[in-house]
1. Are there helices (runs of 4 or more DSSP H) fully within segment A:173-257 with at least 3 residues that are surrounded by 19 or more Cβ atoms within 10 Å (Cβ to Cβ) and either aromatic (Phe, Trp, Tyr) or in contact (Cβ under 8 Å) with a residue 60 or more places away in the chain (or both)? List them.
2. Look through A:LEU109, A:LEU183, A:LEU121, A:LEU195 and report the one residue that is under 22 Å from the mean Cα position of the chain (by Cα) and at the interface with chain B (Cβ under 10 Å from one of its Cβ atoms).
3. Just checking, does segment A:124-133 include any residue being crowded, with 23+ Cβ neighbours inside 10 Å, of a type outside the set (Phe, Trp, Tyr), more than 8 Å from every other protein chain (Cβ to nearest Cβ) and under 15 Å from the mean Cα position of the chain (by Cα)?
4. Check off (1) in contact with a Leu (Cβ under 9 Å, 6 or more places away or on another chain); (2) assigned by TED's automatic domain parsing to the domain that holds A:PRO37 for A:TYR157 and give me the number that stays unchecked.
5. Yes or no: segment A:58-71 includes at least one residue that is in contact with a strand residue (DSSP E or B) (Cβ under 9 Å, 6 or more places away or on another chain), more than 23 Å from B:ASP21 (Cβ to Cβ) and modelled with pLDDT under 95.
6. Scanning segment B:22-34 for residues that are over 17 Å from the mean Cα position of the chain (by Cα) and more than 7 Å from chain A (Cβ to nearest Cβ), which turns out nearest to B:LEU91 (Cα to Cα)?
7. If you go through segment B:49-65 one residue at a time, how many are closer than 14 Å to B:MET97 by Cβ and either assigned to a helix (DSSP H, G or I) or of a type in the set (Asp, Glu) (or both)?
There are 2 protein chains.
Amino acid sequence: MNTIKDLGEFGLIEKIKKLFDNPENAIGIGDDCAVLPFDKTNLLVTVDTLIENVHFFSNHPMDKLAIKAININISDIVACGGYPKWAFLSLSLNPEMKTSSLEMFFDSLQKNFSKNNIFLLGGNTTKDDKLSINITLIGETDKPILRSSAKANQDVYVTGKIGCAACGFFALKNNVTESNECLEKFLAPQARIDLIDKIKPYATAMIDISDGLLQDAMHICTSSNIGMDIFLENINLCESKHLSNIDKITFGEDYELLFCADKKHRNSLLEINDIKLIGYTNNSKKLIIYNKGEIIIPQKYGFKHF
Amino acid sequence: MNTIKDLGEFGLIEKIKKLFDNPENAIGIGDDCAVLPFDKTNLLVTVDTLIENVHFFSNHPMDKLAIKAININISDIVACGGYPKWAFLSLSLNPEMKTSSLEMFFDSLQKNFSKNNIFLLGGNTTKDDKLSINITLIGETDKPILRSSAKANQDVYVTGKIGCAACGFFALKNNVTESNECLEKFLAPQARIDLIDKIKPYATAMIDISDGLLQDAMHICTSSNIGMDIFLENINLCESKHLSNIDKITFGEDYELLFCADKKHRNSLLEINDIKLIGYTNNSKKLIIYNKGEIIIPQKYGFKHF
């Protein structure tokens with residue numbers, strides 16, 4: 001345990017959680033957003049960073065990069081059952097960067113802010129040898145949906161198609177051809193803000209798929225102190241042949257929503273377009289993945305940050 | 001205007017301001033903090049970034065770096081007349097970094113949070129080749145003090161000693177001896193949270209000195225559409241011989257407070273320890289610096305980010 005690499009991301013987060021108290025009325029470290037309760041509303045706060053050559057390639061088109069930067073944050077707000085409102089942007093820029101590139105970034109960012117009723121209220125700019133983008137996004141909700149409120153004997157659902165971002169990343173990294181759907185999903189993902197009003201009345205717990213479907217499902221299990229059975233054949237998987245099904249459910253960056261709901265709402269939920277019932281919760285505290293009746297033991301569950 | 005370097009920081013901020021609308025009831029880009037008005041309070045939000053080898057040297061002691069990282073943000077909240085409450089921390093870390101270094105950083109950060117009643121509510125960690133620290137800090141105030149509300153014929157005050165951080169930086173960069181006061185002021189600055197209750201009843205406009213006393217005074221002039229006469233001999237300048245007086249008032253990083261107040265409050269304000277009357281506002285829209293009756297024309301007014 002001498003370096004950050006040995007400790008790992010979740011070891012690091014545990015260390016931080018232990019050291020810092022939480023105020024009694026606010027929900028802090030460990031969910032997609034922090035929840036700050038006010039008189040008539042709850043503020044949701046999230047912050048995410050994208051660094052050149054860590055999270056994106058240097059040739060990532062700047063208009064798509066802006067879409068990605070804001071949508072990974074919107075996705076956290078949506079996963080807590082809210083709508084985004086105010087943004088703060090920290091940009092580190094190479095002084096030699098072309099202003100035309102930056103204009104392309106800002107035009108696209110502004111269009112996305114406008115579409116989603118987000119106001120840019122502040123931030124800072126600093127020089128660096130490469131580009132990094134850090135966005136703090138504040139949203140609002142009347143009823144926060146947390147990771148920690150799932151119960152046993154509920155249904156588990158996921159929105160959209162899983163694994164396209166993984167296949168898009170693989171194709172770009174290895175310079176192989178891939179469908180536009182996969183490339184777009186990696187380069188310019190869209191948070192599922194379109195589904196939030198439909199899902200919210202039923203969801204008991206929710207998370208966005210940023211680290212991989214399995215790892216994010218595990219986060220709900222751990223936070224809610226439950227187990228899950230997930231059925232691979234029920235997941236709407238990306239059709240690309242470049243990656244295995246296990247890769248598709250462990251890479252992440254899909255920014256789809258994984259949520260639990262009481263079984264009595266199954267008919268209402270299955271009427272919603274683009275939502276699949278993929279499993280059930282239980283009391284086992286274990287996450288088990290079945291493929292046509294066989295248990296699969298994946299070598300990893302999701303993205304490792306260190 | 002082909003690169004960011006040509007455009008400069010303030011050109012860049014102007015571009016961003018033009019592109020993004022502000023909501024009618026919130027104060028956004030262009031002050032130390034954004035101000036979000038709520039039923040019974042105003043939230044203040046600020047975000048700042050420190051990058052290894054851009055804002056601090058690699059051998060910056062980790063306990064002092066934590067103090068600097070949080071205090072540069074507290075300083076923005078204080079400059080808007082508020083107290084800090086909730087923090088969000090984004091850390092980029094080299095996976096080979098020693099956990100003992102990180103522990104030193106977190107222990108010091110936690111002590112400072114505890115001392116200032118700040119709660120850490122979230123953030124994110126990511127790998128990179130060097131350390132960078134981005135903190136979003138949310139504070140509260142019953143009455144925000146802005147840069148834009150100074151009037152002509154008011155007094156201009158500054159807290160503390162100016163230029164010590166500049167001399168500390170110079171000494172560390174050039175490996176020359178320097179007083180502990182200067183080194184500490186650069187390595188581990190303390191925001192003037194101690195003075196806020198005393199200043200707040202009188203301040204019409206306020207800013208913290210991060211970019212240099214002159215440049216920050218100019219920000220108040222521009223935002224308030226006024227001018228200022230500032231008298232160098234009235235400023236409590238750092239005694240170090242390593243830098244000129246002009247360097248001391250243009251380097252920044254002092255994190256002292258510069259504010260304006262009605263002349264009728266002069267006696268009350270001059271009774272406060274560690275506050276100096278350094279000039280007067282006027283209608284000229286120009287910032288003029290006098291040294292014993294002579295006008296000084298400085299070659300620069302403050303720190304250039306690009």
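1. Working: elements: A:180-187, A:196-199, A:213-224, A:245-248.
So the answer is A:180-187, A:213-224.
2. Values: A:LEU183 fails: at the interface with chain B (Cβ under 10 Å from one of its Cβ atoms); A:LEU121 fails: under 22 Å from the mean Cα position of the chain (by Cα); A:LEU195 fails: at the interface with chain B (Cβ under 10 Å from one of its Cβ atoms).
Just a single option satisfies the conditions, and that option is A:LEU109.
3. To start, the set of residues in segment A:124-133 that are crowded, with 23+ Cβ neighbours inside 10 Å comprises A:132-133.
Still in the list and also of a type outside the set (Phe, Trp, Tyr): A:132-133.
In the following step, the residues that additionally are more than 8 Å from every other protein chain (Cβ to nearest Cβ) were identified as A:133.
Next cut, under 15 Å from the mean Cα position of the chain (by Cα) only: none.
No, every residue in segment A:124-133 fails to be crowded, with 23+ Cβ neighbours inside 10 Å, of a type outside the set (Phe, Trp, Tyr), more than 8 Å from every other protein chain (Cβ to nearest Cβ) and under 15 Å from the mean Cα position of the chain (by Cα).
4. Of (1) in contact with a Leu (Cβ under 9 Å, 6 or more places away or on another chain); (2) assigned by TED's automatic domain parsing to the domain that holds A:PRO37, only one is false for A:TYR157: (2).
5. yes
6. B:ILE27
7. So the first thing to find is which residues in segment B:49-65 are closer than 14 Å to B:MET97 by Cβ, and the list is B:52, B:58-60, B:62, B:65.
Within this subset, residues satisfying the condition of being either assigned to a helix (DSSP H, G or I) or of a type in the set (Asp, Glu) (or both) are B:52, B:62, B:65.
The number of residues fulfilling the criteria is 3.
Listed here are the residues, each with its yes/no results for (1) buried (at least 17 other Cβ atoms within 10 Å of the Cβ); (2) more than 28 Å from B:THR3 (Cβ to Cβ); (3) of a type in the set (A, V, I, L, M); (4) not assigned by TED's automatic domain parsing to the domain that holds A:ASP197.
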{"position": "A:THR3", "(1), (2), (3), (4)": "yes, yes, no, yes"}
{"position": "A:PHE20", "(1), (2), (3), (4)": "yes, yes, no, yes"}
{"position": "A:ASN42", "(1), (2), (3), (4)": "yes, yes, no, yes"}
{"position": "A:VAL45", "(1), (2), (3), (4)": "yes, yes, yes, yes"}
{"position": "A:HIS60", "(1), (2), (3), (4)": "yes, no, no, yes"}
{"position": "A:LEU65", "(1), (2), (3), (4)": "yes, no, yes, yes"}
{"position": "A:GLY82", "(1), (2), (3), (4)": "yes, yes, no, yes"}
{"position": "A:SER90", "(1), (2), (3), (4)": "yes, no, no, yes"}
{"position": "A:LEU93", "(1), (2), (3), (4)": "yes, no, yes, yes"}
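The values are calculated or read from the model by the stated rules, or taken from the named source; none is laboratory data. All values reported here derive from a predicted model rather than from experimental measurement. FYI the Cβ positions are ideal-geometry reconstructions off the backbone, even for glycines, and counts take in every protein chain you see.
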